[in-house]
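The values are calculated or read from the model by the stated rules, or taken from the named source; none is laboratory data. Here the structure is a predicted model, which is why all the values come from computation and not from measurement. Ideal geometry is used to build each Cβ from the backbone, glycine not excepted, and the neighbour counts take in all protein chains shown.
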Amino acid sequence: MTIKVIGHKAPDTDSTGSPIIWAWYLSQVKGQPAEPKLLGEPNTEAAFMLSRWNLEKPGIIEDVSAEDRVVIVDTNNVAELPPSINEADVIEVIDHHMLQGGLKTRRPISITIRPLACTATIMHDLMGPDAARMPDEIRGAMLSCILSDTLEFRSPTTTDHDREVAEKLAAELGISIPDYAAELFAAKSDVSAFSDAELLRMDSKEYEVGGTKFRVSVLETTSPQAILARKDGLVAAMREVCAEDGADQVLLFVVDILNEEATLLVPNDFIKAVAEKSFGVSVEGDTVVLPGIVSRKKQIIPNLTV
């Protein structure tokens, strides 16, 4: 039976590239038929990666069944996975996020969760000497994932090992990391084709803090003003997203990649209080700049307080 390799909902570059990478490894190296699947349309940066490296966009699925064998990558949070994930035969998890709990498996499985910035870095390690067998398009996907997740090594989640693997891949591909990262981030920043509600869901995760259900959205960009110019529409769309997704509040962080800071939209007094308690700032108006804040995983989620 063909194994389905899946990442999280609202697939970013890592959750698009890592299923492709691991499905290649299982199929071509381990001799286990596997195919990557996505839980939604890839974002603009991930779509650029697919085009740049001539990779076929994986099929999009909404759910899995009891008959499916599944490998989960780049998440272990059931809220980010198909509704029937605990009915499927999950055989492996590869991730770099905190352990969430809630997944159920039919038997003991291989679980690899490491404190690295990117799932693709972990996959490079798990492949060992077989990583040398990767074709250029898989190397390109792996490099894209690492540069995206580390914001070209700007993110505090970056480790020396992430950088080492990225530099090795870039050397093998004969490309410049700064030049290629600039292409990635330009693609990530072009969100003109998306509605306000789509932007809020594009790179978002569900978290509950103190009984409040948040949709925590992060938009990483080299052109923050292009997004902030849509502030009124984004605030209006927050009500729609909350109603449709069952969230209580939406937190939207517009991350300025080059200046290494985030702007948080402050649409109401509740979010104002959350911002002040969580980040030690004084909020005046409907936005607040958070210097040095670029990582949802390491800087935003751990500090959220209601």
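Here residue 240 fulfils each of the conditions (1) outside the structural domain of residue 82 (by TED's automatic domain parsing); (2) surrounded by fewer than 19 Cβ atoms within 10 Å (Cβ to Cβ); (3) touching a His at 6+ places or on another chain (Cβ under 9 Å) apart from (3). Among the residues of the range 263-276, is there at least one that is within 17 Å of residue 304 (Cβ to Cβ), of a type in the set (Gly, Ala, Ser), in contact with a helix residue (DSSP H, G or I) (Cβ under 9 Å, 6 or more places away or on another chain) and touching a residue at least 24 places away in the same chain (Cβ under 8 Å)? Looking through the range 263-276, none of the residues is within 17 Å of residue 304 (Cβ to Cβ), of a type in the set (Gly, Ala, Ser), in contact with a helix residue (DSSP H, G or I) (Cβ under 9 Å, 6 or more places away or on another chain) and touching a residue at least 24 places away in the same chain (Cβ under 8 Å). The lone criterion from (1) within 20 Å of residue 205 (Cα to Cα); (2) over 19 Å from the mean Cα position of the chain (by Cα) left unmet by residue 12 is number (2). Scanning the range 263-302 for residues that are closer than 20 Å to residue 213 by Cβ and loosely packed, with under 15 Cβ neighbours inside 10 Å returns 268, 269, 270, 273, 277, 302. Tallying residues that are of a type outside the set (Lys, Arg) and part of a helix (DSSP H, G or I) within the range 213-232 yields 6. Scanning the range 13-68 for residues that are of a type in the set (Phe, Trp, Tyr) and in a helix (DSSP H, G or I), we see that the one that is nearest to residue 105 (Cα to Cα) is 22.
Scan the range 195-212 for residues that are in a loop (DSSP other than H, G, I, E, B), within 20 Å of the chain's Cα centre (by Cα) and surrounded by fewer than 16 Cβ atoms within 10 Å (Cβ to Cβ) and the total you get is 1.
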